[in-house]
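The values are calculated or read from the model by the stated rules, or taken from the named source; none is laboratory data. Keep in mind that this is a model prediction, so the values were computed, not measured. Neighbour counts are summed over all protein chains in view; Cβ atoms, including those assigned to glycine, are modelled from backbone coordinates with ideal geometry.
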Amino acid sequence: MMDIHDILKKLPHRYPFLLVDRVLSMEKGKSIQALKNVTINEPFFTGHFPHRPVMPGVLMLEALAQAAALLSFDAMGVTPDDKTVYYFAGIDAARFKRPVEPGDQLIMDVELLRAKSGIFKFKGVVRVDGNIACEAELMCTMRTVP
C-alpha cells in the first residue's frame, strides 16, 4: 500500500533511524500494518550486543510510533513539513515477549484508540513469525517548531 518512497515523503526520519520499510495495509483513521526488515547491518547491533545481536526494545517502540505517525498523517490528510515534529507524549503497558534478532521481520499492527486535543492514543503490537515480540500503548502529539 505504501512503499519506501512514499514513506520517505511522509516521515522526516532517515538512516539509521527510519524504522518502517513498507506499509502493508491501512484503514483510514483506524489502523495500519507495516513491516521492518531487521538485518545484521543495523548500526545498533555493533554494541547491542556484540556476542548476541538483539534489537533494543526502545527501537521497537520507535518503529511502532513511526507507523502510528503514518496513520495519523493519513487520517488528518496532511503531509508534514520541516516545521512539523511528531513526539511521544507517553508510553504505557510496554511489554517485550521475545528478542528480535538479525533476519527477523517485524510486522507492526497499530490501532488508533482515540484522538483528542491533538493527542493521539494507539495500541501497537509487533509480531515476528506470528508471535508477539513487543506490545504497548503509545501517546503521540504533533507540534510545529520554529
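Couple of notes before you dig in:
- Filter result for the condition that a residue is part of a helix (DSSP H, G or I) and within 17 Å of Lys123 (Cα to Cα), over Ala34, Ala75: Ala75
- Residue count for region 102-124, restricted to those that are assigned to a strand (DSSP E or B) and either without any contact (Cβ under 8 Å) to a residue 24 or more places away in the chain or out of contact with any helix residue (DSSP H, G or I) (no Cβ under 8 Å at 6 or more places or on another chain) (or both): 10
- Residues in region 78-101 that are modelled with pLDDT of 95 or more and assigned to a loop (DSSP other than H, G, I, E, B): 5 in all.
- Filter result for the condition that a residue is in contact with a His (Cβ under 7 Å, 6 or more places away or on another chain) and surrounded by 15 or more Cβ atoms within 10 Å (Cβ to Cβ), over Gln66, Gln33: Gln66
- Top-ranked residue in region 2-55 [being of a type in the set (A, V, I, L, M, F, W, C) and more than 16 Å from the chain's Cα centre (by Cα); ranked as nearest to Val78 (Cα to Cα)]: Phe44
- Given (1) closer than 25 Å to Ala93 by Cα; (2) in a loop (DSSP other than H, G, I, E, B), index of the condition Thr39 fails: (1)
- Residue list for region 7-31, filter: touching a residue at least 24 places away in the same chain (Cβ under 8 Å) and not in a loop (DSSP other than H, G, I, E, B): Ile7, Lys9, Lys10, Val23, Leu24, Ser25, Met26, Ser31
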